[in-house]
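J.: Here it is: the structure, laid out below.
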Protein chains: 2
Amino acid sequence: MLQFVSNKHKEDYKSIEIEGLPPSFFELNRANFFENLKTKLKNYETDSVLILQGGSDIPRFDTDVISYIFLQESYFYYLTGVRDTDFYTILDIKNESITLFWKVPPESTKIWSYVPTLESLTKKYGILTKDMVDFYKFIGERNPKTIYLLNGTNSDSKSKVKTAVLNFPTEYEYLAKVVDNTELIWEILADTRTRKSQKEIELLQFIGDLTAEAHVSVIKAMKYDIYYERDMESVFFDYISKNYYTRFTGYQCVCGTGINSKTLHYGNNDQVVKKENINLMDMGARIAGYVSDVTSTIPKSGKYSYVQKEIYNIVLKANRTVQANMKPGVYWPDMHLLAEATILDGLQQLGLINDGYSIQEMLKNRVAYYFMPHGLGHLIGLDMHDVGGYLSFTPPRINLPGLNFLRTARYLEENNVITVEPGIYFIEFHLQKAFKDPLLSKYFNSELIKSFFGFGGVRIEDNVLVTKDGSLNLTAKLPRNIEEIEALMNNSSNLLK
Amino acid sequence: MLQFVSNKHKEDYKSIEIEGLPPSFFELNRANFFENLKTKLKNYETDSVLILQGGSDIPRFDTDVISYIFLQESYFYYLTGVRDTDFYTILDIKNESITLFWKVPPESTKIWSYVPTLESLTKKYGILTKDMVDFYKFIGERNPKTIYLLNGTNSDSKSKVKTAVLNFPTEYEYLAKVVDNTELIWEILADTRTRKSQKEIELLQFIGDLTAEAHVSVIKAMKYDIYYERDMESVFFDYISKNYYTRFTGYQCVCGTGINSKTLHYGNNDQVVKKENINLMDMGARIAGYVSDVTSTIPKSGKYSYVQKEIYNIVLKANRTVQANMKPGVYWPDMHLLAEATILDGLQQLGLINDGYSIQEMLKNRVAYYFMPHGLGHLIGLDMHDVGGYLSFTPPRINLPGLNFLRTARYLEENNVITVEPGIYFIEFHLQKAFKDPLLSKYFNSELIKSFFGFGGVRIEDNVLVTKDGSLNLTAKLPRNIEEIEALMNNSSNLLK
């Protein structure tokens, strides 16, 4: 086992998935939110409260069995740290206080489930927790001029955010009149989540480190212990669950072998891994709610073939070039174009793109889209595709092939954490379209490209923090150079000594 | 590693989670359903079809990320074997044929996800699979006198079964008039699922065997490698995922240490396992959709204390006595009472229940309910709490303490598979109620019982097949005698040689 997690983090965070993050972590999140509210909310009604409803267990169709272990709704978690079901919270915007409400179940529930006391919840979350029976009375006594609720639509899923359900009893019905679900409150909360606090950054570094460790455990298993694609997933999950106690991955593991490596969100993971195959492993850990999102692409055999090496090194160069150019103020679509330029240049040198055409011309004509039909990267945090990508006060989506898949077109800000995940994929039907396009066909060496149709794809994905004057790769410890990876796979790595 | 799975099953089933069960498995399920329809459906309209809609991905709040790996809705899976999202099926009741329908996505989807062809789906599932665009035309051409849909309420969850959503286009609107969602069709399907086919039984034996192996892997890890409750869960899941490729457990693992072992559906699994603790581990595998549900109760130290041993052996006797008395025609509530009688007798001998009262009297006064506040067992199959427990044509729920928690009050039938899971738990507030009850207090040696309030609980749970003239324990290979378990934990087991 290779340890990338620092000894200090190992001490502070190793059991955090079990013990939970300390209340101070979420106090800082709330402070950042209140600060952002003050800056952005027009016609700011300070004599107001914001009410959020936490998540409930998600049933699998009509069964009563817990098939899916509970994972809190992210906005609620961000502000409260609550990891249990069926909570409400009231944030007082005037005095920046917070109160939790939980419906104390009948005593008989204790036979079936662990039932905490309100006192123990108050201690656990560091937030005064009251019985839900006092919820409306509490609001009535506070008597705010406005009751804000969350309301808005996720720009990735197109799903509505969870809006707290309120059923005012008759005596408090007058409060319904001051309910305001302006989207701006939700936007400001989503926007706050795009700039990580120092505590969030430290946690994400820890998760990046342990995800790198887990990737290495799969890389080392590849030659002799991986038979099905599914084995990559199980070796990865075994590593993070046994060593860091997590019950989740950050998202469904993408373990594509051979031609499956070209399918961006492949998740079947049910094919046999053949010895000539390249394997794309897009797998991240989820710890204390926060996730990493990391891709390695490695050969089954322990040795990259000549063409695998050539393609891999172009993608790696794109990844490194982007990271070297990231800093606050950089327009993210420009980074996407920079990755494309690096890829176009590499493919031109390799002869897959014909000589005599400038990178600039090809960028304009969206040539790289046929090799990398996805966005360069996305914000990451509590959600793998994290929120705040497109808001009313941020730059809009660009309606051009490839660029339209970017999950944000923001200017980078300090403390953004974003994935950098360029890739080259040989997708037959997609490239055939380009070959047939009268404007595009001239760029492509179609005969040579056709010989790559069984290749699959390569993606190299890191999680990158935007710093004050540059960037910091939170997943930097994962070996990326071909020599390092081959040494690891063949037990001749200096890292192993 | 102890191998309980037979070599034949190892060969036939080891990769079944990846490769899927063969179409013949589900053909047999359908044949049993059609047979049952003929027997039970009054005013049987044979010129009819039954339409089911399969499941879609279940989102986690507003995210677009697959947090929960897809697991098919159970009725749909039972009849079709389909493991992919967004299918419909039409079963023709007249000629007992079946057709699948799937919405072929736009070609661009292939960039992101694995998209099968209709031909490959037809081959994979052994059922003609058509494009969803032909769905209503297909029904129109068939022009049945009745279109049956599923409709009913799960007696465990109180949730409605998934009813196929139909949106007839104008030209086929007349078909809406023949839609019939009588609950009886759903009841007959649920009832069919209570009697397992020979293929289902063979699979459940395999799952029982491998779950026993996985329990043994945790039992062997307990003394030296289990620090948190969570470790029991991760050792268990690692075993089944690495060896049998599953991505699921049968249900959320219950890993209660010390006093947490008394909480029936405890699932936090976040406490430290202390050396004097007993540990209740209720954990089952899910393979190819079907589940096992198994509980072991073992000491951290590798040696049961005197009182742990006494309580354990009473529960084991109740488990074994019930199994010895199970056969077709037996009224399941009688087995619950038999378990209670064994427990009452044991506790009386141990002095926790006062002398001088007959078992019969105590059964009548529901004394055992204060030690075992749950039902003896439940049907099991595709769902952990499987369907068909209470239907309009089966005996009703008994409204008496303890018996009211039985998830079925059926007379046992050949090929039922049901859990046998007696337990003794020392739940302070629950027992205090009995101590204070003027009619009940005399039975309890309250002073002695109070000394057990830190004990927790013991449950021993097997999955048992009702055979032609008795029962067969599908989880029999799991060591249950204290001597066997202690030998395993201390590496002195004959099983290990």
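The values are calculated or read from the model by the stated rules, or taken from the named source; none is laboratory data. For clarity, every value in this text was computed on a predicted model and none was experimentally measured. Counting neighbours? That spans all protein chains shown, and the Cβs are built from the backbone with ideal geometry, glycine included.
J.: Take the conditions on the phi < 0 side of the Ramachandran plot, modelled with pLDDT of 95 or more and either touching a strand residue (DSSP E or B) at 6+ places or on another chain (Cβ under 9 Å) or of a type in the set (Lys, Arg) (or both) and apply them to B:Ser24. Does it pass? Before you say what the answer is, go through the steps one by one.
T.: Values: on the phi < 0 side of the Ramachandran plot: yes; modelled with pLDDT of 95 or more: yes; either touching a strand residue (DSSP E or B) at 6+ places or on another chain (Cβ under 9 Å) or of a type in the set (Lys, Arg) (or both): no.
For B:Ser24, the condition - on the phi < 0 side of the Ramachandran plot, modelled with pLDDT of 95 or more and either touching a strand residue (DSSP E or B) at 6+ places or on another chain (Cβ under 9 Å) or of a type in the set (Lys, Arg) (or both) - is not met.
J.: Just checking, how many residues over the range B:401-416 are under 30 Å from B:Lys433 (Cα atoms) and not polar (S, T, N, Q)? Reasoning before the result, please.
T.: Keep residues of the range B:401-416 that are under 30 Å from B:Lys433 (Cα atoms), which gives B:401-409.
In the following step, the residues that additionally are not polar (S, T, N, Q) were identified as B:401-403, B:405-407, B:409.
Residues flagged as under 30 Å from B:Lys433 (Cα atoms) and not polar (S, T, N, Q) within the range B:401-416 amount to 7.
J.: Search the range B:236-248 for residues that are within 7 Å of chain A (Cβ to nearest Cβ) and over 14 Å from B:Ala212 (Cα atoms) and pair each with any residue that is surrounded by fewer than 23 Cβ atoms within 10 Å (Cβ to Cβ) and aromatic (Phe, Trp, Tyr) when their beta-carbon atoms are under 8 Å apart and the residues are at least 6 apart or on different chains.
T.: Listed pairs, sorted by first residue: B:Tyr245/A:Tyr228.
J.: Now for a different question. Restricting attention to the range A:199-235, and to residues there that are within 13 Å of chain B (Cβ to nearest Cβ) and without any contact (Cβ under 8 Å) to a residue 24 or more places away in the chain, which single residue is nearest to A:Leu495 (Cα to Cα)?
T.: A:Ala221
J.: Let me ask something else. Just checking, does the range A:437-448 include any residue being within 29 Å of the chain's Cα centre (by Cα) and either of a type in the set (Asp, Glu) or surrounded by 14 or more Cβ atoms within 10 Å (Cβ to Cβ) (or both)?
T.: Step one: filter the range A:437-448 for residues within 29 Å of the chain's Cα centre (by Cα), giving none.
Checked the range A:437-448: no residue is within 29 Å of the chain's Cα centre (by Cα) and either of a type in the set (Asp, Glu) or surrounded by 14 or more Cβ atoms within 10 Å (Cβ to Cβ) (or both).
J.: Now, a different point. Could you tell me which of the residues B:Tyr304, B:Tyr312 is among the aromatic types (Phe, Trp, Tyr), in contact (Cβ under 8 Å) with a residue 12 or more places away in the chain and not in a loop (DSSP other than H, G, I, E, B)? Spell out how you get there, then give the answer.
T.: Values: B:Tyr304 fails: not in a loop (DSSP other than H, G, I, E, B).
Only one candidate passes the filter, namely B:Tyr312.
J.: Residue pairs, Cβ under 7 Å, 6 or more apart or interchain, first in the range B:1-25 and over 27 Å from B:Thr122 (Cβ atoms), second surrounded by fewer than 14 Cβ atoms within 10 Å (Cβ to Cβ). List them.
T.: B:Leu2/B:Leu495
J.: Across the range A:67-103, which residue is nearest to the other protein chains (Cβ to nearest Cβ) among those that are buried (at least 18 other Cβ atoms within 10 Å of the Cβ) and of a type in the set (A, V, I, L, M)?
T.: A:Leu71
J.: Continuing with the same structure: Tell me which helices (runs of 4 or more DSSP H) are completely within the range A:26-135 and hold 3 or more residues being free of Cβ contacts under 8 Å to residues at least 40 places away in the same chain, farther than 27 Å from B:Ser56 by Cβ and outside the structural domain of A:His385 (by TED's automatic domain parsing), or say none if there are none. Let's see the steps before the verdict.
T.: Values: elements: A:74-80, A:109-112, A:118-125.
Of the helices (runs of 4 or more DSSP H) lying wholly inside the range A:26-135, those with at least 3 residues that are free of Cβ contacts under 8 Å to residues at least 40 places away in the same chain, farther than 27 Å from B:Ser56 by Cβ and outside the structural domain of A:His385 (by TED's automatic domain parsing) span A:109-112, A:118-125.
J.: Quick one: which of B:Asn325, B:Asn354 is surrounded by fewer than 21 Cβ atoms within 10 Å (Cβ to Cβ), of a type in the set (S, T, N, Q) and under 28 Å from the mean Cα position of the chain (by Cα)? Break it down stepwise before answering.
T.: Working: B:Asn354 fails: under 28 Å from the mean Cα position of the chain (by Cα).
Matching residue, one of B:Asn325, B:Asn354: B:Asn325.
J.: OK, next. When the range B:161-177 is examined, which residues are found to be of a type outside the set (Val, Ile, Thr) and within 14 Å of chain A (Cβ to nearest Cβ)? Give the steps one after another, and end with the answer.
T.: Step one: filter the range B:161-177 for residues of a type outside the set (Val, Ile, Thr), giving B:162, B:164, B:166-169, B:171-177.
Hits for the range B:161-177 are B:Lys162, B:Ala164.
J.: Scan the range A:422-432 and give yes if some residue there is buried (at least 23 other Cβ atoms within 10 Å of the Cβ) and hydroxyl-bearing (Ser, Thr, Tyr), otherwise no.
T.: Looking for residues that are buried (at least 23 other Cβ atoms within 10 Å of the Cβ) and hydroxyl-bearing (Ser, Thr, Tyr), one finds at least one in the range A:422-432, hence yes.
J.: From the list B:His378, B:His336, B:His385, which one is on the phi < 0 side of the Ramachandran plot and away from chain A (no Cβ under 14 Å)?
T.: Values: B:His378 fails: away from chain A (no Cβ under 14 Å); B:His385 fails: away from chain A (no Cβ under 14 Å).
Only one candidate passes the filter, namely B:His336.
J.: Moving to a separate point now. Can you tell me which residue among A:Arg366, A:Arg320 is among the charged types (D, E, K, R) and part of a helix (DSSP H, G or I)?
T.: Values: A:Arg366 fails: part of a helix (DSSP H, G or I).
Of the residues listed, the single one that is among the charged types (D, E, K, R) and part of a helix (DSSP H, G or I) is A:Arg320.
J.: Name the residue that is surrounded by the fewest Cβ atoms within 10 Å (Cβ to Cβ), counting only residues in the range A:390-421 that are of a type in the set (Ser, Thr, Tyr) and within 17 Å of the chain's Cα centre (by Cα). Walk me through how you get there before you give the answer.
T.: Initially, the range A:390-421 is screened for residues of a type in the set (Ser, Thr, Tyr), giving A:390, A:392, A:394, A:408, A:411, A:419.
Applying the additional criterion that residues be within 17 Å of the chain's Cα centre (by Cα) yields A:390, A:408, A:419.
On the way: A:Tyr390: 20, A:Thr408: 27, A:Thr419: 24.
It comes out as A:Tyr390.
J.: Name the single residue, out of those in the range A:16-61 being of a type in the set (Gly, Ala, Ser) and buried (at least 17 other Cβ atoms within 10 Å of the Cβ), that is nearest to B:Glu229 (Cα to Cα).
T.: Here is the first cut: in the range A:16-61, the residues of a type in the set (Gly, Ala, Ser) are A:20, A:24, A:31, A:48, A:54-56.
Restricting the remaining residues to those that are buried (at least 17 other Cβ atoms within 10 Å of the Cβ) gives A:20, A:48, A:54-55.
On the way: A:Gly20: 15, A:Ser48: 43, A:Gly54: 26, A:Gly55: 24 Å.
So the residue we want is A:Gly20.
J.: Give me a count of the residues in the range A:1-22 that are within 23 Å of the chain's Cα centre (by Cα), in a helix (DSSP H, G or I) and not charged (D, E, K, R).
T.: Of the residues in that region, 4 qualify.
J.: A further question on this structure: I'm trying to understand the selection: among the residues of the range B:136-177, which are over 21 Å from B:Gly55 (Cα atoms), of a type in the set (Gly, Ala, Ser) and either assigned to a loop (DSSP other than H, G, I, E, B) or free of Cβ contacts under 8 Å to residues at least 24 places away in the same chain (or both)?
T.: Selection gives B:Ala176 alone.
J.: Looking at the range B:278-295, which of its residues are within 25 Å of A:Phe70 (Cβ to Cβ) and away from every other protein chain (no Cβ under 14 Å)?
T.: Keep residues of the range B:278-295 that are within 25 Å of A:Phe70 (Cβ to Cβ), which gives B:279-287, B:289-295.
Selection gives B:Asn279, B:Met281, B:Val294, B:Thr295.
J.: Further question: When A:Lys137 is evaluated against the numbered criteria (1) within 34 Å of the chain's Cα centre (by Cα); (2) surrounded by 13 or more Cβ atoms within 10 Å (Cβ to Cβ), which criterion, by number, is the only one it fails?
T.: For A:Lys137, the exception is condition (1).
J.: Step by step: first the residues of the range B:53-110, then only those that are touching a Leu at 6+ places or on another chain (Cβ under 7 Å) and closer than 24 Å to A:Ser74 by Cβ, then the one that is modelled with the lowest pLDDT. Which residue is that?
T.: Applying the filter and picking the extreme gives B:Ser67.
J.: From the residues in the range A:23-49 that are over 26 Å from the mean Cα position of the chain (by Cα) and among the polar types (S, T, N, Q), which one is farthest from the other protein chains (Cβ to nearest Cβ)?
T.: Kept after step one, since they are over 26 Å from the mean Cα position of the chain (by Cα), are these residues of the range A:23-49: A:38-39, A:41-49.
Next cut, among the polar types (S, T, N, Q) only: A:39, A:43, A:46, A:48.
Values: A:Thr39: 24, A:Asn43: 26, A:Thr46: 28, A:Ser48: 23 Å.
Filtering the range A:23-49 for residues that are over 26 Å from the mean Cα position of the chain (by Cα) and among the polar types (S, T, N, Q), the one farthest from the other protein chains (Cβ to nearest Cβ) comes out as A:Thr46.
J.: Report yes if A:Arg397 is assigned to a loop (DSSP other than H, G, I, E, B) and on the phi > 0 side of the Ramachandran plot, otherwise no. Quick ask: steps written out before the conclusion?
T.: On the way: assigned to a loop (DSSP other than H, G, I, E, B): yes; on the phi > 0 side of the Ramachandran plot: no.
When the stated conditions are applied, A:Arg397 does not pass them.
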